[in-house]
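Notes follow the structure.
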Amino acid sequence: MAKPFASSADLGEKRQSLETLAEGVYALTAEGDPNVGAVEGEDFLVCFEALATPVVARAWLARLREHTDKPIRYLVLSHYHAVRVLGASAFGADVIVTHEKTRELIAERGEQDWASEYARMPRLFKEPASILGLTWPTATFSDRFTIDLGGDRGDLVLHYCGRGHTEGDLVAWLPRQRILFAGDLVESQAALYTGDAFHRDWASSTLDRVASFGAETLVGGRGAVARGAGEVEASVGQTRDFLAVMLREVSAAGTLKEAFERTHRALEPRYGSWPIFEHCLPFNVSRLWDELHGVERPRVWTAERDREVWDELQS
Ligand SMILES: [Zn+2]
């Protein structure tokens, strides 16, 4: 029997959990759906990630408003993917911050990515007509961007760790609380999406930099909050292992179809039951196949190309 395309048949609501990680530091996780967060400054808020539509974002903000009524000065977006950025208008933020490569990716492929992600994961796009258009950053940086939280709250520092899940991922680091919002560079018991990735950089220098923060709490792109150095290490380790297995299996394959079958067989025992595993794998293997055959930058995913790759590999 053919598998339904991507996550198009995944229609069950996920249970959301709002956790206070330290005073004024919040994370909303949702059983494998995209995570979001917020950090209180002295008289303002920084929100991390915007979700897929303004309607979905407003539900998150209503929960956040049970804890704080400070105005949102900054909206930080970890990378360009539609399910994390298209809800931005709900925040009314003064400043929208991304890495400079993310701005370029939005210009180059934001429209196509929107159509692709909507078809892959329609459940995340509640009331898609509420989206006002592509989200554009109003501030970008290349290496780091520091937000002084005011009072004695210390800094929130945005870092670029190198190419990884995309060409322009950032992480948000609270040095005083040792809390890291890692975006999709790290997943916690959720499958990786690597369709826009640079696998070799991600699995080596980029994850080395992420690990070097020595976080004691880590909020990944999907999955539960990792608490304590052991769980943080396990999340980073799982991400690295997933990539290493993909690199090993795709390198050893003679055809794309064989690469998919080998990778599926090798990853399935450990990761097969994790959210979006079957959804992601065809796109992941397709990109890694390209990467290992000299295609430097990921090809643009369109709704049409998604279907072609899915039909070739997953059905
Ligand atoms: Zn992503």
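Go through segment 1-48 and report how many residues are buried (at least 22 other Cβ atoms within 10 Å of the Cβ) and of a type in the set (F, W, Y). Number satisfying all stated conditions: 2. Looking across segment 208-226 at every residue that is more than 10 Å from R178 (Cβ to Cβ) and aliphatic (A, V, I, L, M), the one that is surrounded by the most Cβ atoms within 10 Å (Cβ to Cβ) is identified as V219.
When segment 112-145 is filtered for residues that are open to solvent by less than 40 Å² (accessible area, probe 1.4 Å) and of a type in the set (S, T, Y), the ones remaining, listed by number, are S116, S130, T135.
Going residue by residue through segment 146-156, is there one that turns out to be surrounded by 22 or more Cβ atoms within 10 Å (Cβ to Cβ) and in contact with a strand residue (DSSP E or B) (Cβ under 7 Å, 6 or more places away or on another chain)? Checking segment 146-156: at least one residue is surrounded by 22 or more Cβ atoms within 10 Å (Cβ to Cβ) and in contact with a strand residue (DSSP E or B) (Cβ under 7 Å, 6 or more places away or on another chain). For segment 262-277, the count of residues that are surrounded by 23 or more Cβ atoms within 10 Å (Cβ to Cβ) and not polar (S, T, N, Q) is zero. Checked against the criterion of being in a strand (DSSP E or B) and among the aliphatic types (A, V, I, L, M), the candidates V83, V39 yield just one match: V39.
Only one of these is within 16 Å of the ligand (Cβ to nearest atom) and at positive phi: L77, L51. Name it.
Step by step, each of L77, L51 is checked, and only L51 is within 16 Å of the ligand (Cβ to nearest atom) and at positive phi.
Exactly one residue among W274, W301 is touching a Ser or Thr at 6+ places or on another chain (Cβ under 8 Å), under 27 Å from N35 (Cα atoms) and aromatic (F, W, Y), and that residue is W301.
Considering each residue of segment 54-63 in turn, none proves to be open to solvent by 10 Å² or more (accessible area, probe 1.4 Å), assigned to a strand (DSSP E or B) and at pLDDT 95 or above. Scanning segment 64-107 for residues being surrounded by fewer than 18 Cβ atoms within 10 Å (Cβ to Cβ), over 19 Å from the mean Cα position of the chain (by Cα) and not hydroxyl-bearing (S, T, Y) gives a total of 10.
For V225, the criteria (1) touching a residue at least 40 places away in the same chain (Cβ under 8 Å); (2) within 20 Å of H99 (Cβ to Cβ) hold in every case but one, which is (2).
L51: open to solvent by 10 Å² or more (accessible area, probe 1.4 Å), within 21 Å of I276 (Cβ to Cβ) and touching a residue at least 24 places away in the same chain (Cβ under 8 Å), yes or no?
In short, yes.
In the set A197, A182, A191, A203, only one residue is crowded, with 18+ Cβ neighbours inside 10 Å, under 30 Å from S273 (Cα atoms) and modelled with pLDDT under 95; that residue is A191.
The values are calculated or read from the model by the stated rules, or taken from the named source; none is laboratory data. Quick caveat: nothing in here was measured; it's all calculated off a predicted structure. Ideal geometry is used to build each Cβ from the backbone, glycine not excepted, and the neighbour counts take in all protein chains shown. The accessibility values were calculated without ligands, DNA or RNA, using every heavy atom of the protein model including side chains. Shrake-Rupley method; radii C 1.70, N 1.55, O 1.52, S 1.80 Å.
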